[in-house]
Protein chains: 2
Amino acid sequence: MATDSTPASPRAEHADGFSGKRAAEIAGITYRQLDYWARTDLVRPSMAQASGSGSRRLYSYRDLLELRAVKSLLDAGIRLELVREVFSYLTVQLDEDVTRVNLVISGTSVMVRTGEEEIVDLLRHGQGVLNILPLSGVKEQVDARIVELYPEGRRVAGRAPADEYADKRIGRAASL
Amino acid sequence: MATDSTPASPRAEHADGFSGKRAAEIAGITYRQLDYWARTDLVRPSMAQASGSGSRRLYSYRDLLELRAVKSLLDAGIRLELVREVFSYLTVQLDEDVTRVNLVISGTSVMVRTGEEEIVDLLRHGQGVLNILPLSGVKEQVDARIVELYPEGRRVAGRAPADEYADKRIGRAASL
DNA sequence: GTGATGAGTCACAGGGCTGTAGTTCCACCG
DNA sequence: CGGTGGAACTACAGCCCTGTGACTCATCAC
């Protein structure tokens, strides 16, 4: 990771990571929320955990995406409890192909979907409420916010070319 | 019964309304929840409000649909706070044409939609999380539950023929 | 009148924060 | 090397929301 040579995107500029305070600013949450989430294991800084007063948390770019995704879900009126369930699956996945994917939450079952058609299928056959979060939006927001808050003169280019996308079911919790 | 002459569906049998206890059973919630919701103005019995100890609440069939819709949203991990917002708009609408309609919640904006195509549009252009609740499911569940819990020998038939369906935006809250 | 039913009330629990007052670590200065 | 300042984490109290349990109390049917 540290020896990363990928070009482009605000991502590359900050291989050194983001402080707790900055992460909160970029994700658009309060510091207290960030702290609470870290202490309760919802989103933890993957580059450096806190280890007592005076230590520093260090969030990776990917962590920022998670923080922002959590905030989006919260803004949409979803209970933190469900968000926790979702992310306990999601953490495994959610890599670089985040850009064109939709996160679909049906009850406690979570999926990553690309095509709109398949989502329509879900709609047609689905019983419960469907929560759909376009992860692309999350990435865009984070990138925009980084540039906005910390322009730092450094190079900021377009994103890398698209890869293949496929639908993946990433988890399913016990039924209600 | 009363002066109602509509045929079919468990609806017709209970023009006299449902007691609080029954309403809770049918909706699949606890009596305490029903009580709390009534006292905090989320779903109130439209046929008879409580007016002191010893009085009785009376819920209409339509109230049952609301109760069940609230429960569905809750089960889907949505915060009661958002549900309140949604229903403050929804209460105006939500009539008999509930059967083929989807309730779409995007942020704090609420819509009733029929065609899947239009939902796809929302997906494609939408920024935030979309919560989609098929109201048809709600009605089916309520009907099934009534028959299941109170078969009462009375006639129970299929539902009335379809009417026209149209998309209607029913409300939009202040932006975040 | 009597008892069952169901609304009213109160206290309290758990989740999700928020505010504030520490604490600790680190960098920098001399 | 010791002192100083500041950034960031921690501890803890407290608030609001959503119930829940346990009673109490008013009605109604008999």
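Coordinate-derived values only; no laboratory data. On a predicted model such as this, the values are computed, not experimentally measured, just so you know. Positions of Cβ are backbone-derived with ideal geometry, glycine not excepted, and every protein chain shown enters the neighbour counts.
What the phi angles of the stretch A:21-32 give under the Karplus curve with 6.51, -1.76 and 1.60, with θ = phi - 60°, is a coupling list of 4, 5, 4, 4, 4, 5, 6, x, 10, 7, 5, 5 Hz, glycine and proline written as x.
Using a cut-off of 13 Å between beta-carbons, work out the net charge of the residues near A:GLY137 (Lys and Arg +1, Asp and Glu -1, A:GLY137 not included).
Local charge sum for A:GLY137: +3.
Computed from the Cβ-Cβ distance with R0 of 25 Å, the FRET efficiency linking A:THR30 to A:ARG84 stands at 0.85. The alpha carbon centroids of the stretch B:27-68 and the stretch A:32-87 are separated by 38 Å. Distances between equivalent label points of B:LEU149 across the copies, with each point positioned 7 Å along Cα→Cβ, amount to 4.9 nm, shortest listed first.
Given a Förster distance of 30 angstrom, what is the FRET efficiency for A:ASP16 paired with A:THR114, based on the Cβ-Cβ distance and rounded to 0.05? Don't jump to the answer; show the numbers that get you there.
Details: r = 32 Å, r/R0 = 1.08.
Calculated transfer efficiency: 0.40.
Extending 7 Å from Cα along the Cβ direction at A:ALA144 and again at A:LEU74 yields two label points whose distance is 2.0 nm.
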